[in-house]
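Asker: Here it is: the structure, laid out below.
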């Protein structure tokens with residue numbers, strides 16, 4: 001489909017759903033790998049999702065999944081916000097909105113950072129959006145600025161994780177995108193079924209279990225349908241074994257001999 005709701009569904013569930021044909025705010029009938037993990041005792045209360053997009057709560061099916069989900073211009077999912085979270089809520093309420101459905105990435109970063117520090121989740125989805133928004137607006141200057149900003153957010157997340165005993169040298173970041181974009185003078189601004197090249201995405205893995213092979217070339221094609229099972233495999237869980245239509249884990253990023261189990265470790 002080459003646009004967001006179908007792409008996120010495939011990333012998070014491990015399979016494409018032909019019934020998802022728009023970005024409409026409809027609760028996802030499919031269980032994401034995050035919800036699948038959250039229902040296991042080892043992950044109960046240790047899963048969260050923060051995103052800049054106000055459709056994300058529907059993709060995760062917030063009312064059913066029962067873990068904290070933030071999406072768009074709304075208060076942080078925190079019952080007792082600390083001073084920094086209260087300030088973020090105030091800023092979200094009063095800031096001029098460049099797009100009504102997409103909160104500013106910097107707010108998402110600091111909101112997610114506070115959740116990480118306070119609740120120390122085992123599985124955490126963080127979704128940034130400004131590169132897509134500025135691409136659609138044709139503002140290549142702002143697109144580059146936003147891309148550099150997200151690069152720096154990832155660096156800061158990594159350094160924070162490495163500074164904490166709970167996460168140091170035992171945490172993996174999976175970085176990817178829900179769709180690609182076109183090329184040329186105009187198509188770089190957009191994506192969708194009619195845009196050639198918008199099916200091409202990339203993914204990156206950073207963590208102690210993944211061999212540091214750098215940018216891969218001449219390797220087998222991988223798809224976003226494999227990310228859900230790969231995430232679970234890093235946690236010792238066999239998502240593909242239980243959800244057979246989900247893609248298989250990306251073996252090249254897992255340590256040799258890693259076998260997913262149902263241990264939840």
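Read-outs throughout are calculated quantities, based only on the coordinates presented, and are distinct from any laboratory measurement. Since we're looking at a predicted model, the values are computed, not measured. All Cβ positions, even for glycine, are placed from backbone atoms using ideal geometry, and neighbour counts span all protein chains on display.
Asker: Does the stretch 178-198 hold any residues that are more than 14 Å from residue 138 (Cβ to Cβ) and either touching a strand residue (DSSP E or B) at 6+ places or on another chain (Cβ under 7 Å) or without any contact (Cβ under 8 Å) to a residue 60 or more places away in the chain (or both), and which are they?
Answerer: Keep residues of the stretch 178-198 that are more than 14 Å from residue 138 (Cβ to Cβ), which gives 178-180, 183, 192-198.
183, 194, 196, 197, listed by residue number.
Asker: Considering only the stretch 144-168, state which residues are closer than 18 Å to residue 107 by Cβ, in contact with a helix residue (DSSP H, G or I) (Cβ under 6 Å, 6 or more places away or on another chain) and without any contact (Cβ under 8 Å) to a residue 40 or more places away in the chain. Spell out the reasoning first.
Answerer: Within the stretch 144-168, the first condition is being closer than 18 Å to residue 107 by Cβ, and the residues that meet it are 145-154, 156-157, 160.
Applying the additional criterion that residues be in contact with a helix residue (DSSP H, G or I) (Cβ under 6 Å, 6 or more places away or on another chain) yields 146-147, 153.
Correct list: 147 only.
Asker: In the stretch 120-143, what residues are touching a helix residue (DSSP H, G or I) at 6+ places or on another chain (Cβ under 6 Å) and part of a helix (DSSP H, G or I)?
Answerer: 130, 131, 134, 135, 142, 143
Asker: Next question. Would you pick out the residues in the stretch 123-161 that are surrounded by 18 or more Cβ atoms within 10 Å (Cβ to Cβ) and within 20 Å of residue 231 (Cα to Cα)?
Answerer: Correct list: 123, 124, 125, 126, 127, 128, 157, 161.
Asker: Still on this structure, I have one more. Please specify each residue of the stretch 33-53 satisfying the condition of being outside any helix (DSSP H, G or I) and more than 23 Å from residue 157 (Cα to Cα). Please lay out each step first, then the result.
Answerer: Quick first cut of the stretch 33-53, residues outside any helix (DSSP H, G or I) only: 39-40, 44-53.
Within the stretch 33-53, 39, 40 qualify.
Asker: Scan the stretch 20-35 and report the pairs whose first residue is on the phi < 0 side of the Ramachandran plot and touching a residue at least 40 places away in the same chain (Cβ under 8 Å) and whose second residue is assigned to a loop (DSSP other than H, G, I, E, B) and surrounded by 13 or more Cβ atoms within 10 Å (Cβ to Cβ), with Cβ atoms within less than 6 Å and a gap of 6+ or a chain change.
Answerer: These pairs meet every condition: 32/60.
Asker: Considering only the stretch 132-152, I want to know if a residue exists there that is under 18 Å from residue 5 (Cα atoms) and in contact with a strand residue (DSSP E or B) (Cβ under 8 Å, 6 or more places away or on another chain). Steps first, answer last, please.
Answerer: From the stretch 132-152, those under 18 Å from residue 5 (Cα atoms) are 132-133, 135-136; that's our starting set.
Subsequent filtering for residues that are in contact with a strand residue (DSSP E or B) (Cβ under 8 Å, 6 or more places away or on another chain) retains 133.
So far as the stretch 132-152 goes, yes, one or more of its residues are under 18 Å from residue 5 (Cα atoms) and in contact with a strand residue (DSSP E or B) (Cβ under 8 Å, 6 or more places away or on another chain).
Asker: I've got another one for you. Return yes when residue 209 is in contact with a strand residue (DSSP E or B) (Cβ under 8 Å, 6 or more places away or on another chain), closer than 30 Å to residue 43 by Cα and surrounded by 13 or more Cβ atoms within 10 Å (Cβ to Cβ) and no when it is not.
Answerer: Numbers: in contact with a strand residue (DSSP E or B) (Cβ under 8 Å, 6 or more places away or on another chain): no; closer than 30 Å to residue 43 by Cα: yes; surrounded by 13 or more Cβ atoms within 10 Å (Cβ to Cβ): yes.
The answer is no for residue 209.
Asker: Tell me yes or no: at least one residue of the stretch 224-245 is within 19 Å of the chain's Cα centre (by Cα), without any contact (Cβ under 8 Å) to a residue 40 or more places away in the chain and on the phi < 0 side of the Ramachandran plot.
Answerer: Scanning the stretch 224-245 turns up at least one residue that is within 19 Å of the chain's Cα centre (by Cα), without any contact (Cβ under 8 Å) to a residue 40 or more places away in the chain and on the phi < 0 side of the Ramachandran plot.
Asker: In the stretch 2-21, which residue that is part of a loop (DSSP other than H, G, I, E, B) and in contact with a helix residue (DSSP H, G or I) (Cβ under 7 Å, 6 or more places away or on another chain) is surrounded by the most Cβ atoms within 10 Å (Cβ to Cβ)? Don't jump to the end; show me each part of the working.
Answerer: Kept after step one, since they are part of a loop (DSSP other than H, G, I, E, B), are these residues of the stretch 2-21: 2-3, 14-21.
Among the residues that remain, those that are also in contact with a helix residue (DSSP H, G or I) (Cβ under 7 Å, 6 or more places away or on another chain) are: 14-17, 20.
Values: 14: 30, 15: 14, 16: 17, 17: 16, 20: 21.
The extreme case among them is 14.
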